[in-house]
1. Restricting attention to segment 81-94, which residues are among the charged types (D, E, K, R) and under 16 Å from Lys63 (Cβ atoms)?
2. Given the conditions (1) closer than 30 Å to Tyr60 by Cα; (2) at pLDDT below 90, which single one is not true for Ser106?
3. Can you list the helices (runs of 4 or more DSSP H) lying wholly within segment 57-135 that have 2 or more residues being touching a residue at least 24 places away in the same chain (Cβ under 8 Å)?
4. Please determine, by comparing only the residues of segment 76-103 that are under 20 Å from Phe143 (Cα atoms) and in contact with a helix residue (DSSP H, G or I) (Cβ under 9 Å, 6 or more places away or on another chain), which one is surrounded by the fewest Cβ atoms within 10 Å (Cβ to Cβ).
5. Does Lys122 meet the test of being in contact with a helix residue (DSSP H, G or I) (Cβ under 7 Å, 6 or more places away or on another chain) and of a type in the set (Lys, Arg)?
6. Tell me yes or no: at least one residue of segment 112-129 is modelled with pLDDT under 95, within 24 Å of Gly67 (Cα to Cα), more than 18 Å from the chain's Cα centre (by Cα) and surrounded by fewer than 13 Cβ atoms within 10 Å (Cβ to Cβ).
Amino acid sequence: MLKLLNIATTLKFEPQFIKKIIHEIYRRKLKIQFSFIEKKYKYQVSFEKQREDKIEQASYLIKKALGIMSIRFMEDITLSEIAGNVSLTPNYLSRLFRQETGKSFSDNLFDLRIERATELLKSSTLKIYQIGESVGYPNSRYFSEWFQKQMGMSPGEYRKKHLLR
């Protein structure tokens, strides 16, 4: 059963489609092989493959880069490091970021950091300097100035405002 779910997830079947398969398995109490699923729902598989074929290489690389960034945003990462991870030159990756996301590498990194910082300010009791460290700003003063610039209020003001709601 788990293997079947992994295969269905890998092929990016819609959740409703996966639920139908699971329901059918339980209803009939059959051991269904993937080939049966592929045969019965061939149109779904071919549609998914067509859609995957249309994804441009650049989109894949940007998704991969954003994935790496979302894991390592709290570190002092650079465009060059991420470019090396996706086997591109920093200049080309920078251009792809602008084309695909409409933002620079730095802006995307700032967005990840600000999103995490706001989550932590709303939902944790960590001190502001600890939040700064956890999002990649070991200098608490710089974190506070950066946050003020991005959000229009200090981290403390942001926390107070969102704790009252």
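1. Once the filter is applied, which keeps residues that are among the charged types (D, E, K, R) and under 16 Å from Lys63 (Cβ atoms), segment 81-94 yields nothing.
2. All conditions pass for Ser106, except number (2).
3. Filter on segment 57-135 gives 57-72, 90-101, 105-123, 128-134.
4. Thr78
5. So Lys122 passes the test.
6. Looking for residues that are modelled with pLDDT under 95, within 24 Å of Gly67 (Cα to Cα), more than 18 Å from the chain's Cα centre (by Cα) and surrounded by fewer than 13 Cβ atoms within 10 Å (Cβ to Cβ), one finds at least one in segment 112-129, hence yes.
The values are calculated or read from the model by the stated rules, or taken from the named source; none is laboratory data. Worth saying up front: this structure is predicted, and the values here are computed from it rather than measured. Don't worry about glycine lacking a Cβ; one is built from the backbone with ideal geometry, like all the others, and counts go over all protein chains shown.
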